[in-house]
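Asks: There's a structure below that I have some questions on.
Read the figures in this text as sums done on the coordinates, not as results from a lab. Remember, predicted model here, so these are calculated numbers, not experimental data. A quick note on method: Cβ atoms are made from the backbone with ideal geometry, for glycine too, and the neighbour counts reach across all protein chains shown.
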Amino acid sequence: MGQRKRILICNDDGIDAAGINALAESLSEIADIFVIAPIDEQSAVGHAITMRTPVRARPWPFRYDHDRITAYAVSGTPADCIKIAVDKLMPQKPDLVVSGINHGPNAAVNVIYSGTVSAATEASILGVDSIAFSLCAWKDWDFDPAKVVARTVVERVLDEGLPPGVLLNVNIPAIPLTDIQGYQVTRQARSRWEEEFDERTDPFNETYYWLTGRFVNLDDGANTDLEAIESGFVSVTPIKHDLTAHGMLEDVSRRLQL
């Protein structure tokens with residue numbers, strides 16, 4: 001029998017979130033689990049890292065199986081968690097980093113803002129295979145189907161690995177397991193948020209602003225993450241941290257005459 005794999009689990013909803021506990025429960029039977037996650041919610045922080053204040057980590061009584069799972073709560077961002085886990089907190093480098101299960105979708109343009117995806121991206125930068133999981137519901141989360149999906153994908157990645165520099169962004173429709181139509185390898189849909197700042201006044205008569213907006217899908221093409229989710233499929237999108245528009249190098253050179 002081979003040595004058990006080591007899986008590092010992180011998220012952006014905080015170490016006490018239901019989704020990260022569900023993920024740890026799902027994967028604890030197939031690997032040794034280390035949970036190193038933000039002490040409080042860090043949603044939509046993107047790939048921010050902490051540079052001008054100390055990052056603190058302390059052992060945490062993780063809610064699921066705290067006797068067997070090594071857990072640390074970290075004062076910083078999801079990307080901070082991955083950095084400090086690999087450099088200081090884990091006895092050995094993990095075989096896989098799994099981020100989530102996020103409370104809400106991380107498809108289309110939301111990939112850029114997501115702290116959950118950024119944790120997985122940081123792992124990929126450090127040379128560790130990684131996956132981000134999100135459940136596509138904003139409330140009334142049922143993580144039981146997502147636990148099955150997560151374990152299925154994780155087992156495949158542990159067996160087959162991923163190409164260098166590539167991570168997986170997995171979005172799971174919020175429907176019963178028996179209604180999930182299967183898995184689709186998808187592309188990231190073009191989209192944006194149409195936003196405005198609601199101007200308000202606080203009790204001290206000082207003006208403040210609250211960001212509001214609506215999500216707009218700009219992509220009616222086929223094989224997108226949004227289309228897969230809406231059709232009842234698990235969307236599996238390979239992404240990478242190399243942001244170069246490789247197909248546009250010649251076009252930009254011609255346009256700018258450089």
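Asks: Hey, if you drop one equal point scatterer on each alpha-carbon of the chain and run the Debye formula without solvent, what base-10 log of I(q)/I(0) do you get at q = 0.08, 0.10 Å⁻¹?
Replies: The Cα Debye sum returns log10 ratios of -0.33, -0.51.
Asks: Could you tell me whether segment 58-170 comes out rounded, prolate or oblate from its Cα gyration tensor? Rule is a ≥ b ≥ c as square roots of the eigenvalues, rounded for a/c under 1.5, then prolate if a/b exceeds b/c, otherwise oblate.
Replies: Judged from the Cα gyration tensor, segment 58-170 comes out rounded (a/c under 1.5).
Asks: Starting from the amide H of C136, placed 1.01 Å from N in the peptide plane, find each other amide H under 5 Å away whose residue is 5 or more places distant or on another chain.
Replies: Distant-sequence amide H within range of C136: I172, A174.
Asks: ³J(HN,Hα) across segment 244-257 via Karplus (A = 6.51, B = -1.76, C = 1.60, θ = phi - 60°), whole Hz, x for Gly/Pro?
Replies: 3J(HN,Hα) across segment 244-257, in whole Hz: 4, 7, 4, x, 9, 4, 5, 5, 5, 4, 5, 4, 8, 6.
Asks: Where a ≥ b ≥ c are the square roots of the eigenvalues of the C-alpha gyration tensor, would you call segment 1-48 rounded, which needs a/c under 1.5, or, failing that, prolate if a/b is larger than b/c, or oblate?
Replies: prolate
Asks: When a footprinting reagent is the concern and you count Cβ atoms within 10 Å, what order do V97, V252, V234, V55 take, fewest first?
Replies: The most exposed by this proxy come first: V252, V55, V234, V97.
Asks: If you don't mind, another one. Could you pull out every residue, at least 5 positions away or on a different chain, whose amide H is within less than 5 Å of the one on S130? Hs are placed 1.01 Å off N in the peptide plane, and Pro or chain starts have none.
Replies: V97, L168
Asks: While we're looking at this one, here's another question. For segment 108-119, what does the Karplus curve 6.51 cos²θ - 1.76 cosθ + 1.60, with θ = phi - 60°, yield as ³J(HN,Hα) per residue in whole Hz, taken in order and with x for Gly and Pro?
Replies: The phi angles translate into 6, 5, 4, 4, 5, 7, 5, x, 5, 5, 5, 4 Hz.
Asks: Based on Cβ point charges of +1 for Lys and Arg and -1 for Asp and Glu, what charge dipole magnitude is obtained for segment 86-151 about its Cα centre, in debye rounded to the nearest 20?
Replies: 60
Asks: Report the extension gain between R68 and K240 in nm, rounded to one decimal, defined as 0.36 nm multiplied by the number of residues separating them, less their alpha carbon distance.
Replies: Stretched out fully, the R68 to K240 stretch lengthens by 58.6 nm.
Asks: Output wanted: per-residue J couplings in Hz (rounded whole) for segment 235-240, from phi through Karplus 6.51 cos²θ - 1.76 cosθ + 1.60, θ = phi - 60°, x for Gly and Pro.
Replies: My calculation for segment 235-240 gives 8, 10, 10, x, 10, 8 Hz in order.
Asks: Considering the convex hull of the alpha carbon atoms of segment 147-226, report its projected area averaged over all viewing directions, in nm², one decimal.
Replies: With the hull built on Cα positions only, its mean projection is 9.5 nm².
Asks: How many angstrom lie between the Cα centre of segment 52-81 and the Cα centre of segment 189-258?
Replies: For segment 52-81 versus segment 189-258, the Cα centre distance is 30 Å.
Asks: Report the number of Lys pairs in the chain whose alpha-carbons are under 30 Å apart, with separation of 8 or more residues or on distinct chains.
Replies: For the chain, qualifying lysine pairs total 15.
Asks: Given charges of +1 on the Cβ of Lys and Arg and -1 on the Cβ of Asp and Glu, with all other atoms neutral, how large is the dipole of segment 1-136 about its Cα centre, in debye to the nearest 20?
Replies: 380
Asks: For a quick check: with amide H placed at 1.01 Å from N, whose amide H comes under 5 Å from N11's, ignoring anything fewer than 5 positions away on the same chain?
Replies: For N11, the qualifying residues are G100.
Asks: Go from 0 up to the bin containing the longest alpha carbon distance in segment 1-121, width 10 Å each, and give me the % of pairs per bin.
Replies: Taking all Cα pairs of segment 1-121, the binned fractions are 15, 50, 29, 5, 0 percent.
Asks: I would also like to ask the following. Within a 10 angstrom radius of the beta carbon, how do Y72, Y113, Y209 rank from fewest other beta carbons to most?
Replies: Going from sparsest to densest Cβ surroundings: Y209, Y113, Y72.
Asks: Among all stretches of the chain without exposed GluC sites (Glu not before Pro) (DSSP loop, at most 13 other Cβ atoms within 10 Å), which one is longest?
Replies: That would be 30-205.
Asks: Which order do S191, S118 fall in if you start with the one that has the fewest other Cβ atoms within 10 Å?
Replies: Taking fewest neighbouring Cβ atoms as first place, the list is S191, S118.
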